[in-house]
Amino acid sequence: MLRMEIALFLVLAFVACMVYQADKEQTALHRTFAVLLDVVLIHLVLDGVTVYTVNHLDTVPHLFNDAVHRLFLGTMVLVIYLFYQYIAMLVEEETGKPRRLDRPAKVFLAAAELGNFLLPITYTVTAEGNYSSGPYMLVPYCGVAFYLLLCAGLLTANWRRIDPKRKRVIAFALIIEVTVCALQGLHHTWLISGMGITLMTLSFYLTLENPDILRAELTEQKMSMLYLKSQVNPHFLYNTLDTIRIQAQLDGDKKVADLLMRLVDFFRLSVKVDRQMVTLDDEMELLEAYMELMCYRYPELQCEYDIDPELGGALVPNFILQPIVENSLLHGLKNRGYRGEVRISAQRTADERMEIQVRDTGSGFAEGKKDVVDEVLRSYARQPLKLSGNSIGILNVQKRIKLLCGREFGLSYTENEAGGVTAHILLPLEEETK
């Protein structure tokens, strides 16, 4: 049995190296998985030690044997609690529902760990092997059962709203752990609890945390961005060129030169796809070129900026603002003959993040439309990449923000009391390294 614990430890140690060397945004979900990995590795070490000590009761000091057993079973409960936390975070991201069971889960963890170190521990000696027994064993059994029930409840209650891949992984992991626990309960001398925990961890790593999978998603998103940039609204291009032609006939040179220069600036900046992240200043330069052309074409359209100058060097995903502003024009101000205002602001939030807002005074959402938009943004992971359609811009912006910045960031919409809508883009506050 000791050989199995050593093999399991080596496998997860390799996984831990892969996770810590991966170049990806450390979101709360990823940090939770990293902590889970660390605790599992400690648990497997203690598992191996207890496999030896429980089968050498005559030679191992009694106090040492008790101490490592308490630590071993205490980390087991902690591991399953961290599995619950990880699954709860996944469900929260998928459904948008807040985690309501965190407090009872933490209270139960504290009670279980207290019982783990206070209850008396005994050992049963058999011809097949020895194992810990008695009332003390209620702690790990109840702890594992409690958190597995919480996980199963979360999965069942939100089954239809969770991404198919994610819910299959969670269900598979739970089935593995329940099966191993049942076998361990029927055959106390098997001592295979570490196997179930390792298999659960591996299932999450291979399907949800694997760096190669994340890089593949990033490549897919970059290809979609390249396509989007190559298709920059042909109507905008044709109409702008027509405006320039008419102006050339009526007014002459300087204004035409200025318009042409802004048009050149816009396309020059929009085809810069060598970097996934750019500074806010770079992103605003592209947006200002676009809005100058639109405001010239529609004289009653106004644009205002309120950008915190300290945020100019903050990193943002490339090419996210122009699609959002264009969406405001086409679905909000177009219905009002492009009469109105677009206001773009970028400010530091109280929790040291950055929020960019695009507020318009357009016609707002049609009846039922906001619910559709909210669902598209919430279930972005289940939505296929789109190369056409009304939600092409906001969906691809949402996907890229989530992938590049983390799942807790992204795009959302609210309706303004005075009319129109506001797009809220929440991003991490990170600056470009020199």
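Scan the stretch 185-196 for residues that are buried (at least 19 other Cβ atoms within 10 Å of the Cβ) and in contact with a Phe, Trp or Tyr (Cβ under 6 Å, 6 or more places away or on another chain) and jot them down.
Selection gives nothing.
Answer yes or no as to whether Ser388 is surrounded by fewer than 18 Cβ atoms within 10 Å (Cβ to Cβ), assigned to a loop (DSSP other than H, G, I, E, B) and modelled with pLDDT under 90.
Working: surrounded by fewer than 18 Cβ atoms within 10 Å (Cβ to Cβ): yes; assigned to a loop (DSSP other than H, G, I, E, B): yes; modelled with pLDDT under 90: yes.
Answer is yes for this residue.
When both residues are 6+ apart or on different chains and their Cβ atoms are under 9 Å apart, which pairs have a first residue that lies in the stretch 302-318 and is under 19 Å from Thr361 (Cα atoms), and a second that is among the acidic types (Asp, Glu) and in a strand (DSSP E or B)?
Filtered contacts from the stretch 302-318: Gln302/Glu341; Cys303/Glu341; Glu304/Glu341.
Just to be sure before I move on: is Val77 in a helix (DSSP H, G or I) and open to solvent by 20 Å² or more (accessible area, probe 1.4 Å) in the structure I sent?
For Val77, the condition - in a helix (DSSP H, G or I) and open to solvent by 20 Å² or more (accessible area, probe 1.4 Å) - is not met.
How about the stretch 126-147: which of its residues are closer than 15 Å to Ala88 by Cβ and open to solvent by 20 Å² or more (accessible area, probe 1.4 Å)?
Phe146
Only one residue in Arg348, Arg336, Arg382 is open to solvent by 50 Å² or more (accessible area, probe 1.4 Å) and modelled with pLDDT of 95 or more, so which one is that?
None of the other options fit; the residue is Arg348.
Quick one: which residue in Leu2, Leu44, Leu12, Leu8 is surrounded by 13 or more Cβ atoms within 10 Å (Cβ to Cβ) and more than 22 Å from His188 (Cα to Cα)?
That would be Leu12, the only listed residue that is surrounded by 13 or more Cβ atoms within 10 Å (Cβ to Cβ) and more than 22 Å from His188 (Cα to Cα).
Restricting to the stretch 283-325, give me the number of residues that are open to solvent by 30 Å² or more (accessible area, probe 1.4 Å) and assigned to a helix (DSSP H, G or I).
Number satisfying all stated conditions: 8.
What pairs come up if the first residue lies in the stretch 44-62 and is farther than 30 Å from Thr201 by Cα, the second is open to solvent by less than 70 Å² (accessible area, probe 1.4 Å), and their beta carbons are under 6 Å apart, counting only those six or more places apart or on different chains?
Val60/Thr53
Name the residue, out of Leu114, Leu57, Leu119, that is touching a strand residue (DSSP E or B) at 6+ places or on another chain (Cβ under 7 Å), over 19 Å from Cys181 (Cβ atoms), modelled with pLDDT of 90 or more and surrounded by fewer than 18 Cβ atoms within 10 Å (Cβ to Cβ).
Exactly one of Leu114, Leu57, Leu119 is touching a strand residue (DSSP E or B) at 6+ places or on another chain (Cβ under 7 Å), over 19 Å from Cys181 (Cβ atoms), modelled with pLDDT of 90 or more and surrounded by fewer than 18 Cβ atoms within 10 Å (Cβ to Cβ), namely Leu57.
Looking at Ile320, is it farther than 28 Å from Glu93 by Cα, of a type in the set (Val, Ile, Thr) and either in contact with an Asp or Glu (Cβ under 7 Å, 6 or more places away or on another chain) or modelled with pLDDT of 90 or more (or both)?
No, not satisfied.
Could you list all residues from the stretch 309-364 that are among the aromatic types (Phe, Trp, Tyr) and in contact with a strand residue (DSSP E or B) (Cβ under 6 Å, 6 or more places away or on another chain)?
Tyr338
Given the structure, is Leu411 open to solvent by 30 Å² or more (accessible area, probe 1.4 Å), closer than 29 Å to Arg336 by Cβ, in a strand (DSSP E or B) and at pLDDT 80 or above?
no
Which of (1) open to solvent by 50 Å² or more (accessible area, probe 1.4 Å); (2) under 19 Å from Glu209 (Cα atoms) is the odd one out, the single condition Ala88 does not satisfy?
(1)
Whether any residue in the stretch 92-99 is open to solvent by 20 Å² or more (accessible area, probe 1.4 Å), on the phi > 0 side of the Ramachandran plot and either in contact (Cβ under 8 Å) with a residue 24 or more places away in the chain or within 21 Å of the chain's Cα centre (by Cα) (or both) is what I want to check.
So far as the stretch 92-99 goes, yes, one or more of its residues are open to solvent by 20 Å² or more (accessible area, probe 1.4 Å), on the phi > 0 side of the Ramachandran plot and either in contact (Cβ under 8 Å) with a residue 24 or more places away in the chain or within 21 Å of the chain's Cα centre (by Cα) (or both).
The values are calculated or read from the model by the stated rules, or taken from the named source; none is laboratory data. Please read these numbers as outputs of a predicted model, since none were measured by experiment. Cβ coordinates were reconstructed from backbone atoms using ideal geometry, including for glycine residues, and neighbour counts include every protein chain displayed. Quick note on the areas: whole protein, heavy atoms, side chains included, nothing else; ligands and nucleic acids left out. Shrake-Rupley method; radii C 1.70, N 1.55, O 1.52, S 1.80 Å.
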